[in-house]
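Each remark here refers to the structure printed beneath this line.
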Amino acid sequence: MRCLDMVVKIAEKQRAKIALVDNIYAYGRQSTNRITEETRKEPQTKKGKIRLAMENKLKESNIPSFICLIYMDRMQRIQYSMKR
């Protein structure tokens, strides 16, 4: 998290925006096949918990940012979802 803290501080000083490219670790095991922006995040792994903490820290900052989720669906097609 120290790295993200440094990025947030620099973005504040420079009045920059932050883009976070995320993955599906924070969603954990889901009962649904499709993940959307509304899907609840329930991480069960250390990586997932770290990813969710990073996202929350970014959301709690005053930095303009967006999060882009990139993953592969069951047909091995790349999917993405963006939210601010």
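The values are calculated or read from the model by the stated rules, or taken from the named source; none is laboratory data. Just so you know, these numbers come straight off a predicted model, no measurement behind them. Here Cβ is always computed from backbone atoms with ideal geometry, including for glycine, and neighbour counts include all displayed protein chains. Areas reflect the complete protein model, heavy atoms only, side chains present, ligands, DNA and RNA absent. Shrake-Rupley method; radii C 1.70, N 1.55, O 1.52, S 1.80 Å.
For the pair E37 and K13, a Förster radius of 41 Å applied to the C-beta separation gives a FRET efficiency near 0.85, rounded to the nearest 0.05. Distance distribution P(r), the range 8-68, all Cα-Cα pairs, bin width 5 angstrom from 0: 4, 17, 25, 21, 15, 10, 5, 2, 0 percent. Computed over protein heavy atoms with a 1.4 angstrom probe, the accessible surface ordering of C3, C68, largest first, is C3, C68. Of the GluC sites (Glu not before Pro) found in the range 1-42, those that fall in a DSSP loop while having at most 10 other beta-carbon atoms within 10 Å are E37, E38.
In this simple spin-label approximation, C3 and I50 carry label points 7 Å from Cα along the Cα→Cβ vector, and these lie 0.8 nm apart.
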